[in-house]
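Bear in mind these aren't lab numbers, they're just calculated from the coordinates by the rules spelled out. Source: prediction; values computed, not measured. Neighbour counts are summed over all protein chains in view; Cβ atoms, including those assigned to glycine, are modelled from backbone coordinates with ideal geometry.
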Amino acid sequence: MQPDHPAGPRMIAISSGKGGVGKSTVTANIAVAMADAGLSVGVVDADIYGPSIPRMLGIRARKPAMSPDQKIVPALAHGVKVISMAMLTDDDAPAILRGPMVAKYLQMFIRQVDWGDLDVLLLDLPPGTGDIQLTLAQAFPLSGAVVVSTPQDVSLKIARRGLRMMEQVNVPILGVIENMSGFTCPGCGTVTHIFHEGGGEAIARELGVAFLGKVPLDPDVVDCGDDGRPVVRAAPESPAAEAYRAIAAALAEGARAPGGIATPFVWSIPEGAGKPAPARGTTEAPPDCLSALDHDNAGLVLHWADGTEQRLADRDLRLACRCAQCRDEMTSARILDPARVPLDLRITRIWSIGNYALGMAFSDGHDTGIYTFKALYAMQGLELEDV
């Protein structure tokens, strides 16, 4: 799929390695806190199979209206615009969908909703590192991801996997949130660390990412969520509400697109339309961050953040394709016969895939390869047979 949507709001994914850590509660309260701070905020409830954001924000299930230009009108609650599968189905109706249909719903929730001018779009992801996470990372230029965990060891170990997954697809990690950090007794004030203490901060330090803060375990958070009244509104002076506001402020300041070429883009080379603008200020970016690209009669020209200029012939790129049509999925051995690739083959179209790869279409009709920046960068100085 080639992205065709214009540049939009900062898109921040709120993720977790496992369920039950309060990720959706965190998302709902952060969204309202951002709205209260004056930002225009939207929330995509990307947990297609288990949507919960509407309930937490007090949105009654109803079929959304359509705008004059045939876009879905999102619900509005507590100053936040929301779209969710729960708004398209009956309250107790399960979403029985295969992977391709889930991907279509996600595309619709972002591209075909009348969001207006947003500053931030929060994506409340389902737990884990599966299809939905990969679809969003590939299809949209995420500004960053936040990982929510509870302090106990098992949750933190699984959260580490989520962090690594986001890193592999070049989604910046904006930080770690430690939820259910400690319970303060309302009678005596004693703090009891039910799920251990300090694990979120430790894992953030270990992985070199920001620690955004701790949210204490508070019965008001649960009660307010069940009633559709986020705690930042219902109990604004509570320690949990204060923690949410601090986290929202940190994200509002720190959410930015990663260094590199401007995404998303679709560059049609024969027409000369859609060529991405070069990156600005990539001096602190990793070496394999793509800062600019061009194309001439000799092939594709790539400029990297470390100052390297790389030239790759169109036909060489076609032969280097690692999709299932060109490589054996088990052995990675090439199954594409080079004799069947025309010598005068050309690249006809290039598009961005998230923040981490390029898609390419060739004059022989092939367009299913994904060329990661890491793989392209590693092709420097290699013979074709080594790729």
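Below are the figures for this structure:
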{"read-out": "Extension gain, LEU343 back to ASP226 (0.36 nm per residue minus Cα-Cα distance, nm)", "value": "35.7 nm"}
{"read-out": "DSSP beta bridge pairing in the range 266-386, given as percent antiparallel to the nearest 5", "value": "100"}
{"read-out": "Extension reserve of the ASP296-ALA249 stretch, reckoned as 0.36 nm per residue once the Cα distance is removed", "value": "12.4 nm"}
{"read-out": "Where the Cα pairs of the range 266-386 fall when distances are cut into 10 Å bins, in %", "value": "12, 46, 34, 8, 0"}
{"read-out": "Computed FRET value (nearest 0.05) for MET108 with MET330, which takes r as the C-beta separation and R₀ as 41 Å", "value": "0.75"}
{"read-out": "Length gained when the stretch ALA378-ARG62 is fully extended (0.36 nm per residue, less Cα-Cα span)", "value": "108.7 nm"}
